[in-house]
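The values are calculated or read from the model by the stated rules, or taken from the named source; none is laboratory data. These figures come from a predicted structure and were not determined experimentally. Counting neighbours? That spans all protein chains shown, and the Cβs are built from the backbone with ideal geometry, glycine included.
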Amino acid sequence: MIVSRPRPLLAAGVVLLSTACAPRAVDPGAADVARDGRAIAQAQCGGCHAPGPEGESARADAPPLRALFGHYRADTLTEEFIAGIKVGHPDMPLFDMNPQGVDALVAYIKSIQEPPSGGRDTPQ
């Protein structure tokens with residue numbers, strides 16, 4: 001009679017492979033925050049800026065939100081929204097959002113960013 005012995009390396013390999021191929025858990029809170037940010041972007045920014053991952057802005061001088069990091073630094077965007085981004089035209093409204101709204105908007109903008117064009121890593 002042949003007795004089969006467990007093969008620990010084989011078993012460990014199967015477990016490792018199955019966990020590596022398993023879908024990663026998504027933080028549902030982060031998805032909710034980005035969804036809230038999308039609603040803010042559409043309501044507050046969509047009149048001038050293209051608020052989504054595609055499409056053109058209604059105003060030629062308003063960059064699409066997906067290209068915003070080509071104009072503003074990603075690491076300071078939250079502070080700039082809280083302080084009110086100063087731009088060269090009077091139509092740009094000042095932002096009056098609570099910190100949660102700013103965090104949601106920035107999370108959404110980060111989620112749709114495309115790489116900056118022109119070879120610049122960070123805006124000046």
Worksheet, complete the sentence: I40 fails exactly one of (1) at pLDDT 90 or above; (2) farther than 15 Å from A107 by Cβ; (3) out of contact with any His (no Cβ under 7 Å at 6 or more places or on another chain), namely (2)
Worksheet, complete the sentence: Expected output for the stretch 34-47 (first residue more than 12 Å from F95 (Cβ to Cβ) and part of a helix (DSSP H, G or I), partner modelled with pLDDT under 90 and of a type in the set (V, I, T), Cβ below 8 Å, 6+ apart or cross-chain) is none
Worksheet item: For the stretch 93-119, what are the residues that are surrounded by 11 or more Cβ atoms within 10 Å (Cβ to Cβ), within 22 Å of E54 (Cα to Cα) and either touching a His at 6+ places or on another chain (Cβ under 8 Å) or modelled with pLDDT under 80 (or both)?
Response: P116
Worksheet entry | S4 vs. criteria assigned to a loop (DSSP other than H, G, I, E, B), among the polar types (S, T, N, Q) and at pLDDT below 95 | yes
Response to the item:
Counted residues in the stretch 28-64 being charged (D, E, K, R) and under 17 Å from the mean Cα position of the chain (by Cα) come to 5
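Would you point out the residue of the stretch 54-92, among those that are hydrophobic (A, V, I, L, M, F, W, C) and assigned to a loop (DSSP other than H, G, I, E, B), that is surrounded by the most Cβ atoms within 10 Å (Cβ to Cβ)?
Within the stretch 54-92, the match that is surrounded by the most Cβ atoms within 10 Å (Cβ to Cβ) is A62.
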